[in-house]
Amino acid sequence: MKRTFILIILATLLSVACSNTEEASDSTAGALAAQQADPVIDSLTRLCLADTSTDPIAILEKMMSTSYCPMHGPLHHSLVGMALMTAYHNAGGEVDLEKGLARLIEQTQKIPGAACGNWGACGATLSAGTFMSIVTNNGPFATEAWHLSNLCTARALEQVANNGGPRCCKRDSYLTILSTVDFVKEHLGIEMHKPQVHCTRSQSNKQCIGQKCPFSPTND
């Protein structure tokens with residue numbers, strides 16, 4: 001009886017030890033994943049801080065042309081807002097660029113992949129709304145800033161929706177930035193450069209909609 005009791009205790013301790021080991025392993029894996037992501041974010045942030053352009057599309061293209069930016073994926077949820085904030089700052093917009101980028105990245109990294117299909121709101125448009133929230137000091141209890149941030153997202157989302165699916169993170173990023181450039185000029189009086197956009201990545205997108213895309217080179 002006593003021996004049985006001891007064996008039960010030992011089995012329980014072993015089970016707890018294994019459980020703790022698994023939790024520690026999961027925690028370590030999460031920490032390593034975060035460390036692996038940091039160099040990418042750090043590199044993109046330094047790219048933005050060094051850029052002097054007022055053209056958010058050009059800034060976006062530089063970031064999307066890096067080796068660690070995929071054709072699609074949630075990284076675009078940060079890239080759009082980063083490009084807008086950098087160009088806005090360079091065009092005379094009042095924002096602490098380094099602090100603003102850090103806050104934007106923290107917020108937009110919470111937007112999951114496939115939000116466009118699963119949430120009904122493209123992550124690129126939410127990135128623009130995040131940018132607007134930061135530069136207007138928006139919060140849940142704000143008035144005009146609350147209005148502007150939500151309207152900015154709505155305007156961009158309408159453009160994305162009107163161009164249809166399936167999703168293309170490049171197309172949706174372009175549409176969002178162009179919409180937001182107009183919005184910022186209209187409501188904040190800051191004029192960023194708005195170029196003509198011509199996609200050069202259609203061959204890398206298996207779901208490309210071809211001539212239906214407003215940025216297709218065949219539309220020239």
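Put simply, the convex hull of the Cα atoms in the range 130-220 casts, on average, a shadow of 6.5 nm². By a 1.4 Å probe calculation restricted to protein chains, I111 has an accessible surface near 20 Å², given to the nearest 10. Contact order for the range 47-100, expressed relative to its length and based on alpha carbon pairs under 8 Å spaced 6+ residues apart, stands at 47 percent.
Taking Cβ atoms as reference points and 11 Å as the exclusive limit, the residues near T125 contribute a net charge of -1, counting Lys and Arg as +1 and Asp and Glu as -1.
Stretching the chain fully between Q211 and A161 yields a gain of 16.3 nm (0.36 nm per residue, less the alpha carbon separation).
Pop out the carbon and sulfur fraction of the accessible area of the range 152-220 as a percent, whole number, probe 1.4 Å.
Its accessible area is 46 percent carbon and sulfur atoms.
Multiplying the residue separation of D42 and H147 by 0.36 nm and subtracting their alpha-carbon distance yields 34.6 nm. Shown here for the range 90-119: GluC sites (Glu not before Pro) in loop regions (DSSP other than H, G, I, E, B) with at most 15 other Cβ atoms within 10 Å, namely E94. The simple Förster model, with R0 at 35 Å and r as the Cβ-Cβ distance, assigns A50 and E186 a FRET efficiency of 0.75. Mean separation of Cα pairs under 8 Å and 6 or more residues apart, divided by the residue count, gives the range 158-220 a relative contact order of 33 percent. Protein heavy-atom accessible surface, 1.4 Å probe, per residue over the range 77-220: 49 Å².
The values are calculated or read from the model by the stated rules, or taken from the named source; none is laboratory data. This structure is a prediction, so every number in the text was calculated from the model and none was measured. With ideal geometry, Cβ positions are generated from the backbone for all residues, glycine too; neighbour counts draw on all protein chains shown. Keep in mind that these areas ignore ligands, DNA and RNA; they rest on the heavy atoms of the full protein, side chains included. Shrake-Rupley method; radii C 1.70, N 1.55, O 1.52, S 1.80 Å.
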